[in-house]
Structure formats: C-alpha cells, structure tokens
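Written out below as structure tokens is the structure these notes cover.
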Amino acid sequence: MLTNFAALEVGQHLYWQIGNIRLHGQVFLTSWILLGALLVFISLGTKKMENDPKGLQNLLEFLWDYIRDLARTQIGEKVYRDWMPFIGTLFLFVFVSNWGGALIPWRLIKLPSGELGAPTADINTTIALALLVSLSYFYAGLSNKGWRYFEYYVHPTPIMLPFKILEDFTKPLSLSFRLFGNILADELVVGVLVFLVPLILPIPVMFLGLFTSAIQALIFATLAAYYIGEAVEEHH
Amino acid sequence: MLAFNFFGATEGGLFDINATLPLMAIQVVALTYILNSLFFKPVGNVVEKREKFVSNNIIEAKNKLSEVKKLEADLLTQLQSARTEAQRIVTEAENESDKLYKEALELANNEANSSKEKARLEIEIQTSAARDQLSKQADDLSELIVNRLILEK
C-alpha cells in the first residue's frame, strides 16, 4: 500500500482530447484549483478596502508593495507601472503553483493516468511563461523606443550582435528550463525519499522544496522584469 | 513502483509539448487582466492614495514645524529684549532709590544737626540766664546780709 502511495509517475499525463488537440489535463486541473484559491483569497482581501488596512488587506498591500519594489528596481521608474501587473501575475502564478504543488497532498487524489502536481513542473507551462516574457520584452522595447530598440543589439560594439541575437533564444530557454527543472527535481526528490523512507527523513527536504519554490518564483519574476527593463533602458 | 519514462515513449514523457502550451499562455494572459482589475488596480489606488496622504501630511507638518521654529526664534528675541529692558528699568530704579535715600539721609542729617545746634544755643542762653539770675540773687542776698549786719549795729 505504501509503495502505491509513494509511487512516482514521471512523464505520465492525463490526456484530454478536444477535437484534434491534446492537452495535459492534470496541469489545468491543478492550475484551476490553485488560481481559484488565489482569486478567492484576493477577492476576500480586496472586498472592503479601507484607508486603515486590516487583516487580509494588510497582507495584500504588503504583497503589492513587494511586487512594486521588484518591478521598480528592475524596470525603472519610468515604465514600471505598465509592467507591474504582468510581473506580479508571473510571480503570483509561479509562487502559487510551486507552493500549491509542494504543500497540497495531491497524490491522495487518484487520476486514471498521470498525477496532480505543481503546474510549473510541466514543461508546457514554463515554456508558455517564458515565451510570454520574450514577447513582453520585445513589445516593451519596440513600444517604448520604436526601431531604436534594435540599437540594443549593437550597443557597446557591433561585435555583440550575434551574442545578443543568441540571447533572445537563451533567455526563454533558461527561464523555462530553470523553473521546470527545479520544481520537477524537487517533486522527484521528495517522491523518491518518501518512497524509500516514508517517515521524518523527507521533511527537511520538503522544507528545502518550499524554499526553492519561493526562490524560483522570485527569480522568474525578477528575471522577467530585468529583461523588460533591459529592453526599455535608454543607452547614451 | 518507480516508473521513469523520459523520452522513449511515443505518448507522454517529460518533454511532451502540445496544445497545453498556448492554452496555458492564454490562461496566464487572462489571469494578468483579471489580477490587474481585481488586485493591482484597487490595492494600488488605496496604497498610493495613502502614500500621497502621508507625504502631504509630512510636508504640511514640516511647514508647520518651520513656522513654529520661526515663531520660537521671534519670541526668543522678544524675550531677550524684554529681559534687557527689565534689567535696565531695575538698574534705573535702584539708582533712583539710592539717590533719593542719600538725599533724604542728608536732609535728615542737616535737620538733626541744625536742631542740635539750636538746642545747644538755647541751653547756652538759658545757662547764661540762669547764671545771671543766680549771680543777681547772690548779689541781692549779699546786699540783704550786708544791710542786716548794718542794721544790727
């Protein structure tokens, strides 16, 4: 029974077939549950906004302040307002997904195939997020500086051109694989440890996992903001 | 049991990329708009309104503080001048009273001296008068004695 409980299913998915397209159902299920919880939490906290914040509103204001600081330091005073909701959404989505995946005992829910877990442990999710970041920084650069955005590619010297072009590919690649790898590895380590030693030993690793999860959310949001900030930065 | 199935399978695997990707992207974009209207805008409004309120209050308080400091300095100079004025008046009054005292003392001394002199003169007059009278009585008496002695003879 324990082996069943602790079994690991890597690379197994719950497929949903809609017409011609196939989806990873478990990713959407967990993301809907977690995002639903997040939205409920936020709705409760912003229901009655007061000038003297109490309870949940306090927490949400702290969160807002944290995200604003993050966006402002990376993107800069001029345009951070436009990008703060996007950066904040990335942070909240990744954070909620990572912690939700680590904290909620999804394995108790049996699926016909695959298993529920952090949505960010699926490569599709992380690539989707990384590509959104790529699109965002291109859009930010082009909308702020027009064609002068491409000066960035030859900025200190034209020798940089191939490297800068290469960067446009390595940025989404590193973003997506970093998040995916960290979260999947954390799930695997915890899974293997629970499978080998079901008692006590996995607990420190689980705490480490929570730490990693939070850090990864912060890193993802910070890097996204940094890339956008790099794109809108004025060179002189 | 552990079922590692990384790449080999025709179906599934860790790097199985399919329509989940674009749909997840759409979901995240939608979430951005939802969170913007549910979270970032309302909370931002409240926080920024409060920040403005606080900074306005701080500016106002600073202005008031500088005003208070100016008034304090004003009052201090006023106090200083009032003190010197008071000091001046006190010294003046002291000098005045000193002068008056000296004058009164002199006057009293003079008066006392003059009355003493007068009394002395009077005493002298009376003494001489009394001496005159005494000598006259002595003369009378001696004359009487002389007369009696002559009569007895």
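Residue count for the range A:109-154 satisfying the condition of being more than 12 Å from chain B (Cβ to nearest Cβ) and either within 17 Å of the chain's Cα centre (by Cα) or touching a residue at least 40 places away in the same chain (Cβ under 8 Å) (or both): 14. The set of residues in the range B:20-49 being touching a strand residue (DSSP E or B) at 6+ places or on another chain (Cβ under 7 Å) and polar (S, T, N, Q) consists of B:Thr20 alone. Checking each residue in the range B:12-42 for being more than 7 Å from every other protein chain (Cβ to nearest Cβ) and either in a loop (DSSP other than H, G, I, E, B) or touching a Gly at 6+ places or on another chain (Cβ under 8 Å) (or both) picks out no residue at all.
Once the range A:73-83 is narrowed to residues that are assigned to a helix (DSSP H, G or I) and of a type in the set (Val, Ile, Thr), the residue that is surrounded by the most Cβ atoms within 10 Å (Cβ to Cβ) is A:Ile75.
Of the residues that sit in the range A:39-67 and are among the charged types (D, E, K, R) and part of a loop (DSSP other than H, G, I, E, B), which one is modelled with the highest pLDDT? Spell out how you get there, then give the answer.
Taking the range A:39-67 and keeping what is among the charged types (D, E, K, R), we get A:47-48, A:50, A:52, A:54, A:61, A:65.
Still in the list and also part of a loop (DSSP other than H, G, I, E, B): A:47-48, A:50, A:52, A:54.
Working: A:Lys47: 87, A:Lys48: 84, A:Glu50: 82, A:Asp52: 82, A:Lys54: 83.
Restricting to residues being among the charged types (D, E, K, R) and part of a loop (DSSP other than H, G, I, E, B), the top hit is A:Lys47.
Applying the set (1) free of Cβ contacts under 8 Å to residues at least 24 places away in the same chain; (2) closer than 30 Å to A:Glu234 by Cβ; (3) surrounded by 15 or more Cβ atoms within 10 Å (Cβ to Cβ); (4) more than 9 Å from chain B (Cβ to nearest Cβ) to A:Phe41 leaves exactly one unmet item: (2).
Of all the criteria given as (1) farther than 24 Å from B:Glu51 by Cα; (2) touching a helix residue (DSSP H, G or I) at 6+ places or on another chain (Cβ under 6 Å), the one not satisfied by A:Leu129 is (2). Selection of the range A:89-106 for residues being out of contact with any Ser or Thr (no Cβ under 6 Å at 6 or more places or on another chain), part of a helix (DSSP H, G or I) and of a type outside the set (A, V, I, L, M) yields A:Phe91, A:Phe93, A:Phe95, A:Gly100, A:Gly101, A:Trp106.
Scoring A:Phe86 on the criteria (1) crowded, with 17+ Cβ neighbours inside 10 Å; (2) at pLDDT below 95; (3) within 11 Å of another protein chain (Cβ to nearest Cβ) leaves a single failure, condition (2).
The values are calculated or read from the model by the stated rules, or taken from the named source; none is laboratory data. Here the structure is a predicted model, which means the values were calculated and not measured. Cβ coordinates were reconstructed from backbone atoms using ideal geometry, including for glycine residues, and neighbour counts include every protein chain displayed.
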